[in-house]
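> This structure is in structure tokens; I'll ask about it shortly.
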There are 4 protein chains.
Amino acid sequence: MQVGFIGLGQMGSGMAARLLTSGENIKVFNRTPEKMQALADQGAQAASNLQDFADADVVFTMLADDPAVTSLVLEENGLITQLRPGAVHVSCSTISVALSAQLAAAHAKAGQEYLAAPVFGRPDAAAAGKLFLVLAGKPELITRLQTLFDVIGQRSFVVAEAPEKANLVKLSGNFLIASVIESLGEAMALVEKGGVDRHAYLDLLTSSLFNVPLYKNYGALLADRKFTPPGFAAPLGQKDMRLVLAAAENLDVPLPLASLLRDRFIRLAAEGGATRDWSAVGALAAQDAGLLP
Amino acid sequence: MQVGFIGLGQMGSGMAARLLTSGENIKVFNRTPEKMQALADQGAQAASNLQDFADADVVFTMLADDPAVTSLVLEENGLITQLRPGAVHVSCSTISVALSAQLAAAHAKAGQEYLAAPVFGRPDAAAAGKLFLVLAGKPELITRLQTLFDVIGQRSFVVAEAPEKANLVKLSGNFLIASVIESLGEAMALVEKGGVDRHAYLDLLTSSLFNVPLYKNYGALLADRKFTPPGFAAPLGQKDMRLVLAAAENLDVPLPLASLLRDRFIRLAAEGGATRDWSAVGALAAQDAGLLP
Amino acid sequence: MQVGFIGLGQMGSGMAARLLTSGENIKVFNRTPEKMQALADQGAQAASNLQDFADADVVFTMLADDPAVTSLVLEENGLITQLRPGAVHVSCSTISVALSAQLAAAHAKAGQEYLAAPVFGRPDAAAAGKLFLVLAGKPELITRLQTLFDVIGQRSFVVAEAPEKANLVKLSGNFLIASVIESLGEAMALVEKGGVDRHAYLDLLTSSLFNVPLYKNYGALLADRKFTPPGFAAPLGQKDMRLVLAAAENLDVPLPLASLLRDRFIRLAAEGGATRDWSAVGALAAQDAGLLP
Amino acid sequence: MQVGFIGLGQMGSGMAARLLTSGENIKVFNRTPEKMQALADQGAQAASNLQDFADADVVFTMLADDPAVTSLVLEENGLITQLRPGAVHVSCSTISVALSAQLAAAHAKAGQEYLAAPVFGRPDAAAAGKLFLVLAGKPELITRLQTLFDVIGQRSFVVAEAPEKANLVKLSGNFLIASVIESLGEAMALVEKGGVDRHAYLDLLTSSLFNVPLYKNYGALLADRKFTPPGFAAPLGQKDMRLVLAAAENLDVPLPLASLLRDRFIRLAAEGGATRDWSAVGALAAQDAGLLP
């Protein structure tokens, strides 16, 4: 198989490196070409431009947000004009439900295939092939590409045939993670103001009911109040709350907790939090309790 | 040691049965005496009234709420008038921070000792000695009674010397659990309205980031929409939200997510939800999305 | 008629002065006796203690909160032990629904009468006899005392026979006022950040749809950001939100906007806002938008 | 002056009729031509298409939402391609801040002028020339057109030179009105559940602190629970909450009360409320209190 991978950020470079272990021919591309070098050193081909994907059987994309995907795929001379009929676009980016549906329609019109395959996991999980993949699309496409998904993720879940449903699930998952951050932030502010050490408190929680890496990792960030450098920057979290609420509004689903989180992210932005990890929203509870300077 | 145990509900009867394995003399009491029989059959003494605890070295109490504890301990001819000087009252009930502080002061005035030892876990964990105990009080008391705590719980955590801080931690924990219920309820409503099966969705979550019994158990209740019979009844959850918010207000700590939960519980009560499990608040999101009849 | 008036704070002293114009014998009392002098100079009798109200036909009370009323009326040697059978207690304080019901029962047991008559209006309105009275109690009592109400207020509204319902209405009114403060605070933060002068904005609002003193007065406080000295101190507003939410919880009525307001007041308290006017909660929106230093 | 008016809905037809009293030549247009007849009967010219506005000095538009304005003005053969250089487009529609800024830029590029002039008031106020106009644009344009504004509105307010700021103010005003609806809805649910008649309660409020048509009118809708036919349909209110929150997010301003309102509107939509007046969101509080069937 001729496999392309576009978008070599923190996540994408790890995923592309994993694909190199699949035994397929891997061709990579990134707008800022320096990032291609490390992968080229490991055996990937470096594409010069999107035309180089004309012979690809499948192209993965892993980009920051809707505008980046729109620009790469749909705008003038975009990927959709370069892929051959029958080629598959596997979109791993965390994008809106609406854009994913739009991509599905556009590729179908161009005689191409489209799968949504957003992922859960941080850059270290990407590099280790330990991501969780959320897949939606035609079953036969998923079967055809399963070996590729297996080198990227520790497990993949097929949620539907309509690709955009994978994006909905992904966004809902980021909402759940943000909820964990908010609830931990409030609980820690409370017990700390009441005189309980917040590290000891976190140890209690994660040694009992909440014995899972997600609570341990975000709990540690909150207990340490260490939000830089960001593992996942606050503006990306804000974008995801915006996207999950937009999807929910389209479906007539009120999400009051997501609304609360949205307001938290906007406030963090107003306070200059753009360079912090998104878990910094969890410190606003401590701030409101008068615990921070 | 002469050990007393008062309050033989779903939780207390399991805890008292575990204490029987400690090798100490165990005397039990319950307002409705029928519940004492099963424990008497296993070797416990059945007390006739509170005077029977005059020789106790330590008395555990496990009651439903503040009024029950106040009535038993502080009102006319209450436990505090029966215990000998130096005896220890170990309060396991989920009560308010304010009442716990009041009990500490009252016992001190009576020359008695007081420990707060609220627990995390459902009745099955109580019966199996698998609870988590949150302890606060004088270190030497905790050391003296550690063997008893060890037959009740799989692990105990000492959080402070001031007893009421254990109650604060316990309440904050119930807030965190309620937050899990709300967030799962909203996320499930969203994906279900978007066309994703909610059981499959739950499996995805609990096979990946949320691989922990708490999410599995509450997630299953929500996915099955099975809220009766209650494991932990909605009015108790409502009480806990009220208590955590009262403690927070006393400490000048705003908790917006707890406020949202409080409103959810009140609404559930208005809809006649008193006999349902507290996880039923998580179904309000589905109701608001038009998913329920 | 022998008329008593207890509680000569900012509101009570104005109301008592108005009663002097009724032609009845007015006897006043205040814990800190200095405040009685001005009224004595205008013709009131100054009581030495509660026993001096033994011959009163009616006694008005205007106190700060539940503990003050409980202490004065219900505790040892309280007013209830001094009033003669048939005497009427008119409670004007903003107190809880529960305490008002308790007072009604206690006075009935003592063979006395009880009316709730909380008021809307600031100290200047009290001094001018321009308050609005919310009355609940037996119709014949209200008729008997109408001439007194007419010198205190510009208008009185009878809402029910059960006295505590007047308190419910009063608390709901303070919730509505706080809602005006919050909504104006958010709207002003928005337009100011968008480049519109907030005084000009307020002028637009209050010259068009919101042409009413309530919006003008609170709007001016917010536009000027002038919150000291307080006309109505933030802790009193916080108390009222607590009382309205407690009443609502007892009635199974969720009030999400009141919950939001409660969190705002708690946050203001955590920031040291106890000496500010309660309208200072409206500035938190500007603070969260990064508009305040 | 040659004056055009496009968009003859409930609001626009009243405004256009008022313009006929100005003594200027008025030419009207509507996609569904039947609505032009009544105005033609009163002396207006009926345009056949947008080309007929080539000689206009000023064209008012009053349309439902962003898509309608975008389609009419900006898309192929839109108004912007028909107006002559120097002609003024006065946009009265309640549209997004972003679209208003886009219109300003597009007209400037085309050598045309652009004013934003959104209005407050219902159809009856439009017909009576009693609207309030919120104006933003170049001062000389406003001066030039003041006589036209004066026949449309009882008063006009100039808020800024940048046109989109008028739209921001207009959206913030609709947020304030929605806040009134929500707060009244909650307060009425509370007192009604407590046994106070809601019409009497409304009379009390609007005879005292809230003596203003806005509270009277919306209060009556809520007390009567009469939400059809809609004066302003719920989906329009939902749109406005979306637009105000989008503008606020762009400015980094969290608006928690607007978020609460947004969730209310989404829930109303899920319950099939699209044909009700937007004040129906105020009945959700009663529903949550168990007051509605």
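The values are calculated or read from the model by the stated rules, or taken from the named source; none is laboratory data. The structure displayed is predicted, hence computed values, not measured ones. Please note: Cβ atoms are built from the backbone with ideal geometry, for glycine as well, and neighbour counts cover all protein chains shown.
> Taking the condition buried (at least 18 other Cβ atoms within 10 Å of the Cβ), of a type in the set (G, A, S), over 16 Å from the mean Cα position of the chain (by Cα) and not assigned by TED's automatic domain parsing to the domain that holds D:N25, does D:S172 pass?
So D:S172 fails the test.
> Follow-up question, since we're still on this one. Testing A:A286 on (1) more than 14 Å from chain C (Cβ to nearest Cβ); (2) surrounded by fewer than 24 Cβ atoms within 10 Å (Cβ to Cβ), one condition comes back false. Which one is that?
It is condition (1) that A:A286 fails.
> Could you please give the count of residues in the range B:120-139 that are facing chain A (nearest Cβ under 10 Å) and over 14 Å from B:G231 (Cβ atoms)?
Number satisfying all stated conditions: 5.
> Within the range B:32-43, is even one residue among the hydroxyl-bearing types (S, T, Y) and at pLDDT 95 or above?
No, the range B:32-43 has no match at all.
> Here is a further query. Filtering the range A:1-50 down to residues that are among the basic types (K, R) and closer than 19 Å to A:L72 by Cβ, which residue is surrounded by the most Cβ atoms within 10 Å (Cβ to Cβ)? Before the answer, list the steps.
Just the residues of the range A:1-50 that are among the basic types (K, R), to begin with: A:18, A:27, A:31, A:35.
Narrowing the set further to residues that are closer than 19 Å to A:L72 by Cβ leaves A:27, A:31, A:35.
Values: A:K27: 22, A:R31: 12, A:K35: 18.
Only one residue tops the list, namely A:K27.
> Which count do you get for residues in the range D:221-249 that are within 14 Å of chain C (Cβ to nearest Cβ), under 13 Å from the mean Cα position of the chain (by Cα) and surrounded by fewer than 24 Cβ atoms within 10 Å (Cβ to Cβ)?
Residues flagged as within 14 Å of chain C (Cβ to nearest Cβ), under 13 Å from the mean Cα position of the chain (by Cα) and surrounded by fewer than 24 Cβ atoms within 10 Å (Cβ to Cβ) within the range D:221-249 amount to 1.
> Among (1) more than 15 Å from the chain's Cα centre (by Cα); (2) on the phi > 0 side of the Ramachandran plot, where does A:A104 come up short?
Looking at each condition in turn, A:A104 falls short on (2).
> Under 6 Å between Cβ atoms, which residue pairs at least 6 apart in sequence (or on different chains) link something in the range C:110-124 that is in contact (Cβ under 8 Å) with a residue 40 or more places away in the chain with a partner that is surrounded by fewer than 19 Cβ atoms within 10 Å (Cβ to Cβ) and part of a strand (DSSP E or B)?
Going by the 6 Å Cβ cut-off, there are no qualifying pairs.
> Name the residue, out of D:I177, D:I152, D:I181, that is crowded, with 19+ Cβ neighbours inside 10 Å and either assigned by TED's automatic domain parsing to the domain that holds D:G78 or farther than 30 Å from C:V244 by Cβ (or both).
Of the residues listed, the single one that is crowded, with 19+ Cβ neighbours inside 10 Å and either assigned by TED's automatic domain parsing to the domain that holds D:G78 or farther than 30 Å from C:V244 by Cβ (or both) is D:I152.
> A further question on this structure: Could you list, ordered by first residue, the pairs with Cβ atoms under 6 Å in which the first is in the range B:236-263 and within 18 Å of C:L284 (Cβ to Cβ) and touching a residue at least 60 places away in the same chain (Cβ under 8 Å) and the second is in a helix (DSSP H, G or I) and of a type in the set (D, E, K, R), at least 6 apart or interchain?
From the range B:236-263, the pairs are B:L255/A:E186; B:L257/A:E182; B:L257/A:E186.
> Restricting to the range D:184-197, name every residue that is more than 7 Å from chain C (Cβ to nearest Cβ), more than 21 Å from C:N217 (Cα to Cα) and crowded, with 21+ Cβ neighbours inside 10 Å.
Of everything in the range D:184-197, those that are more than 7 Å from chain C (Cβ to nearest Cβ), more than 21 Å from C:N217 (Cα to Cα) and crowded, with 21+ Cβ neighbours inside 10 Å turn out to be D:G185, D:M188.
> Return the pairs, sorted by first residue and then second, in which the second residue is of a type in the set (S, T, N, Q) and part of a loop (DSSP other than H, G, I, E, B), the first residue lies in the range D:264-291 and is over 23 Å from B:E192 (Cα atoms), the beta carbons are less than 6 Å apart, and the residues are 6+ apart or on different chains.
Hits for this filter: D:R276/D:T228.
> Another question, then. Just to be sure I understand, how many residues within the range C:140-154 are more than 9 Å from every other protein chain (Cβ to nearest Cβ) and either not hydrophobic (A, V, I, L, M, F, W, C) or not in a helix (DSSP H, G or I) (or both)? Even if it seems obvious, please write down each step before you answer.
Keep residues of the range C:140-154 that are more than 9 Å from every other protein chain (Cβ to nearest Cβ), which gives C:140-153.
Within this subset, residues satisfying the condition of being either not hydrophobic (A, V, I, L, M, F, W, C) or not in a helix (DSSP H, G or I) (or both) are C:140, C:143-144, C:146-147, C:150, C:153.
Within the range C:140-154, residues that are more than 9 Å from every other protein chain (Cβ to nearest Cβ) and either not hydrophobic (A, V, I, L, M, F, W, C) or not in a helix (DSSP H, G or I) (or both) number 7.
> Quick check on B:F157: is it crowded, with 17+ Cβ neighbours inside 10 Å and not in a strand (DSSP E or B)?
Here the answer is no, as B:F157 does not meet what is asked.
> Identify, from the list A:V73, A:V88, the residue that is modelled with pLDDT of 95 or more and touching a Ser or Thr at 6+ places or on another chain (Cβ under 8 Å).
Going through A:V73, A:V88 in turn, the sole match is A:V73.
> Let me ask you something else. Pick from the range A:250-259 the residues that are within 12 Å of chain C (Cβ to nearest Cβ) and over 21 Å from the mean Cα position of the chain (by Cα): which of them is surrounded by the most Cβ atoms within 10 Å (Cβ to Cβ)?
Here the answer is A:P254.
> Could you check how many residues of the range B:38-67 are under 30 Å from B:V169 (Cα atoms) and in a loop (DSSP other than H, G, I, E, B)?
6
> If A:I95 meets every condition in (1) over 14 Å from the mean Cα position of the chain (by Cα); (2) more than 10 Å from every other protein chain (Cβ to nearest Cβ); (3) within 24 Å of A:I80 (Cβ to Cβ) apart from one, which number is that one?
For A:I95, the failing item is (1).
> Taking helices (runs of 4 or more DSSP H) that do not extend beyond the range A:68-138, which have at least 1 residues that are farther than 14 Å from A:P163 by Cβ and in contact with a strand residue (DSSP E or B) (Cβ under 8 Å, 6 or more places away or on another chain)?
A:79-82, A:123-127
> Mind listing just one residue for me: the one in the range D:273-283 that is within 13 Å of another protein chain (Cβ to nearest Cβ) and at pLDDT 95 or above and, of those, nearest to A:D252 (Cα to Cα)?
D:V281
> Report the residue count in the range D:63-110 for those that are among the acidic types (D, E) and more than 21 Å from D:L236 (Cβ to Cβ).
Total satisfying the criteria: 2.
> Another one. Considering each of C:V90, C:V151 in turn, give the residue that is in contact (Cβ under 8 Å) with a residue 40 or more places away in the chain, among the β-branched types (V, I, T) and in contact with a Phe, Trp or Tyr (Cβ under 6 Å, 6 or more places away or on another chain).
C:V90
> Taking the condition touching a strand residue (DSSP E or B) at 6+ places or on another chain (Cβ under 7 Å), β-branched (V, I, T), free of Cβ contacts under 8 Å to residues at least 60 places away in the same chain and assigned by TED's automatic domain parsing to the domain that holds B:A283, does B:V196 pass? Please lay out each step first, then the result.
Details: touching a strand residue (DSSP E or B) at 6+ places or on another chain (Cβ under 7 Å): yes; β-branched (V, I, T): yes; free of Cβ contacts under 8 Å to residues at least 60 places away in the same chain: yes; assigned by TED's automatic domain parsing to the domain that holds B:A283: yes.
Against the criterion (touching a strand residue (DSSP E or B) at 6+ places or on another chain (Cβ under 7 Å), β-branched (V, I, T), free of Cβ contacts under 8 Å to residues at least 60 places away in the same chain and assigned by TED's automatic domain parsing to the domain that holds B:A283), B:V196 qualifies.
> In the range D:199-217, which residue that is within 11 Å of another protein chain (Cβ to nearest Cβ) and touching a residue at least 24 places away in the same chain (Cβ under 8 Å) is farthest from the chain's Cα centre (by Cα)?
D:Y215
> Right, something else. In the range C:54-91, which residue that is within 15 Å of the chain's Cα centre (by Cα) and crowded, with 23+ Cβ neighbours inside 10 Å is nearest to C:I142 (Cα to Cα)?
The qualifying residue nearest to C:I142 (Cα to Cα) is C:V90.
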